[in-house]
Each structure stands twice: as C-alpha cells, then as structure tokens.
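Working notes, beginning with the structure itself.
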Amino acid sequence: MKKDFYFVMRLVFVSVIGVNLAILLLVEVWWWTKWRNVIESTLISGYQSQEGRIVAEKISGNIFEKEVAIKENLVADDARLGLIEGYLAKYHSPLLPYSKLILELSDTYGFEYYWIVAIAQQESNLCKKIPLNSFNCWGYGIHKKGTLRFENYELALKSFAEYLKREYFNKGYMTAEEIMKKYCPSSNGSWAHGVNQFIEEIEEGV
C-alpha cells in the first residue's frame, strides 16, 4: 500500500516539475522571440529611417530645385509678357492681341523679346502707318518692285521673326547699330538710335 502511495506521489511530483519546466521553457522562448523581434525592428527601423531620410532629402532637394527653376522661368516669362502687353497697350497697337505670340516667337528663334516690338515702333509706329492691307509693320520687303503683304498679323509676325533670325542674328548682326547697316543702310544713325530708345522704354515699362 505504501509502495503504491509513494509511487503515486513520485509520479505527481515528477509531473509537476515537468509541467513547470515546460512552462519555463515556453516563457523563455516567448521572451526571447519577443525581444529579438523588438531589437531587429529597432535596428531595421533605424537603418530604414536613416536611408529613408537620405533618399527623402535627395528627392525633396531635387523637387525643390525643379520647382524653383519652374517658378523663376514663369516669373521671367510673365514679366516679359507684361512688358510687351503694357507697351503695346500704351500705344494702342493692333499687335496687342498677339503679345504672347511675340514672346513665343522670340523664344523659338532665340532672340530677345523686345526686337519685334522695337523695330515695329521704329518702322510703323507699331503698325499704325503701314501699306494698306499689308499687315507689314516692319517695313521689310517693301521696295520699288512691290510690297510684301500678309493675310493677317499672325502670319506677318511669324514671317518677320524667321526673317530676323535668318538674315540678321544668324549672320552676326546682334545690335541695333549692326542691324541698321543692312536693314536701313541709308540711315544716318537715327534708325539705331530710335530702336535702342524703344528697347529701353520697353524694358523699363515706360
């Protein structure tokens, strides 16, 4: 009887110890798994945040630089367009509705925005004194053999811009004085003086 009692007690004791050891083992595994994940997460998070910060700074810097460049270009374009519109409006020029086209043509052919307007002012008082139905505000192609005419101001502007680029700027005529030698060779200098004066007025918004 005693043997059976001791056997049962021993079995219970061993079982309790076994259960406790199993619980301790599970707790140990849980604890290690939990803190290992925390440590790994911390390290990865730190690495990612550092790398992410570097990447973000680069991206942010590039975006900021592009935004600044775009804004500067827009401001410059708006300023030039405003100067053209203001000058043409002041003199009630029929070219006023074509202000944006004048700027676009100047940029397309790579010369300053004021040339088309200044020469038109010198040659025709901004299109107020031109051959009838010619839309030619620049006095070019007008000679004894005939008059160069266009169907409208848009075609005239496009033709003159291309002509100015091809026949003058491409050939090294870069100033009003140099252009005058070919454009108006009989002038005593007044042509260049007038064009320069108009350029100054346009740029100053006078």
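The values are calculated or read from the model by the stated rules, or taken from the named source; none is laboratory data. Since the structure is predicted, the reported quantities are computational estimates derived from the model, not experimental observations. Heads up, the Cβs are rebuilt from the backbone with ideal geometry, glycines too, and the neighbour counts pull from every protein chain shown.
Below are the figures for this structure:
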quantity	calculated
Where a residue in the range 179-197 is within 19 Å of Leu164 (Cα to Cα) and its partner, wherever it lies, is part of a loop (DSSP other than H, G, I, E, B) and modelled with pLDDT under 95, with Cβ under 7 Å and at least six apart	Met180/Ser187; Trp191/Cys184
Residue selected from the range 115-161 under the condition under 16 Å from Met180 (Cα atoms) and among the aromatic types (Phe, Trp, Tyr), by the criterion modelled with the lowest pLDDT	Tyr140
Selection within the range 139-191 - touching a helix residue (DSSP H, G or I) at 6+ places or on another chain (Cβ under 7 Å) and among the polar types (S, T, N, Q)	Ser187
Residues satisfying the stated conditions in the range 98-112, i.e. closer than 19 Å to Leu126 by Cα and assigned to a helix (DSSP H, G or I)	Tyr98, Ser99, Lys100, Leu101, Ile102, Leu103, Glu104, Leu105, Ser106
Looking only at the range 127-158, and only at residues there that are of a type in the set (D, E, K, R) and not in a loop (DSSP other than H, G, I, E, B), the one that is surrounded by the most Cβ atoms within 10 Å (Cβ to Cβ)	Lys158
